[in-house]
1. Taking 0.36 nm per residue of separation and subtracting the Cα-Cα distance, what length does fully extending R249 through T232 add?
2. Stick to the Cα atoms of the range 18-58, pair each with every other, and give me the Kirkwood hydrodynamic radius in Å at one decimal.
3. Extending each Cα 7 Å along its Cβ direction at A49 and L199, get the distance between those two points in nm, one decimal.
4. Can you give the extra length, in nm with one decimal, that the chain gains between L241 and Q82 once fully stretched, where that is 0.36 nm per residue apart less the Cα-Cα distance?
Amino acid sequence: MSTETTERADAALQAVAERLTHGPPLTVLIRWTLLDPRGRGEVWELLLAGERCTVRRLEGDAPPDLRVETTPLVLEQLVTAQGAALAHAAGRLRLAGDAKLARTIVERLGGRSAAPAPAATQPEPGGLLVSTVRLVVGITRLGAEALLTTLTMFLASVGLWLGVPIMAVWCGAQVQSDTKSIGATIAAGGAAGVVGVVLLGMLLHRLDMHQRSIRGERGMVEDRRVLDFVMTVSAFVSLALFGAWFLLRSGAELAPVGIGH
């Protein structure tokens, strides 16, 4: 974040911390992550001790009582908005930790009394297909950047399901042809698979953070993670592609040779 954005975030968090001191005294540590448009987080800590409040940048060693994740835009709305707009901004906070404390924090910030802690997503009528269509329509409305991010997530997910195993087998085959050692072949294939999973996992995590940031900046309340749907759909697509290759391209037979002759 730029220096100006950081200064504004500091002032906004000071105002938020001051509001949280209203009411019965609290002694809590809140770790607040502000996401920029690229999904990168800047960590702040709010320490409440009775009527005293301390705001500091960066992450300390002590475990927080509550974690809050949001964008600078929502943070500013918490300070400047009123009425229904303020309640809406408080409802867009992503909180993790003690549920009772989370309710208290949201209420003091002007939100509804309902628990803000993320709840398990209930299955939607129509199954995976209907849910996927709804998600794609929502992403399309967010613009080209969100659509491109989702497409990249889908390709990376297919690479995770198909690309990594193929790469592991290919690396193992290269080592086998050079060394004729089964142990070295297994080690090479396993190492290639682990590296591929780690790299693609990191990429998917960054893309997911960026996607969530876009949704927050556009004012879309996130009740489901795009990555969950992308991983599920890509798994079915990868399975279909593998089945098509196995049946049509590899020359494999559905029954052992000799049966039926």
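What follows is calculated from the coordinates using simple rules that are stated; it is not laboratory data. The model shown is predicted, which means the values in this text are computed figures rather than measured ones. Cβ coordinates were reconstructed from backbone atoms using ideal geometry, including for glycine residues, and neighbour counts include every protein chain displayed.
1. Details: separation 17, 0.36 × 17 = 6.12 nm, distance 2.51 nm.
Here the segment from R249 to T232 would lengthen by 3.6 nm.
2. Working: mean 1/r = 0.0902 Å⁻¹.
By the Kirkwood definition, the hydrodynamic radius is 11.1 Å.
3. The answer from the label model is 4.8 nm.
4. Values: separation 159, 0.36 × 159 = 57.24 nm, distance 5.22 nm.
Gain in length upon complete extension: 52.0 nm.
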